[in-house]
C-alpha cells in the first residue's frame, strides 16, 4: 500500500494541531481549576489520587518539553557547532552573509534564554505559588508567549537587518517538519553538528 504523499498529508484538516494547541491545554487548566479544593498530596480518595497523578504528568510533560527544547538550542551554541537558527536559515536561504550569521546566532541565544525564563517561572510558580496560577501560566499563557516571541523576533529582524528574509511561521514549521522526517537521521541535526564557517 502506498504511503500518503506530502500534498495529501498537508491537505488534511488540522484537527490534531488544534487539539494540541488549544483543546488539551484549556482542558488541563479547567481540570486543575475544578479540583482546586482537593489537597495535592498523598491521599487514598479517588479525587486525591486522580489530581496527584494528573498534576504529576502535567509537570513532567511541561518541564520535560522545555528542558529538551532548551538543551536543543543551548547545545548548538557550543564552540565548533552551528547555532540552531543558523542551521535553519541555511536550509531555507542557502549560504548566509556575515550579518545573518551573527544575527541568527543571537536569535538562537534569545530563544534559549526565553526557554530558561519560561522554565524558571514554571518551576517557581509550582513550588511557591498556587497550582491554579501555575496551570494558567503553562496551559493558557504558554502558546501566546511563544507566538509573542516569534512576533518580537520578526519585528527586530525587519529593523536590524539590511535585507531581512521574510517568511511565515507556517514556512518555518514546514521546514522543521521536513528536517526531522522520520527515524533518527535528521538532516538539520547533521548540519548543526558541523562547525560554523
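The values are calculated or read from the model by the stated rules, or taken from the named source; none is laboratory data. None of the values given here were measured: they were computed from a predicted structure. FYI the Cβ positions are ideal-geometry reconstructions off the backbone, even for glycines, and counts take in every protein chain you see.
Quick notes on this one:
- Condition check for residue 107: assigned to a helix (DSSP H, G or I), touching a residue at least 24 places away in the same chain (Cβ under 8 Å) and exposed (fewer than 15 other Cβ atoms within 10 Å of the Cβ): no
- Screening residue 163 against (1) assigned to a helix (DSSP H, G or I); (2) at pLDDT 75 or above; (3) out of contact with any helix residue (DSSP H, G or I) (no Cβ under 6 Å at 6 or more places or on another chain) leaves a single unmet condition, (1).
- Yes/no for residue 94 being more than 20 Å from residue 153 (Cα to Cα), surrounded by fewer than 17 Cβ atoms within 10 Å (Cβ to Cβ) and modelled with pLDDT of 95 or more: no
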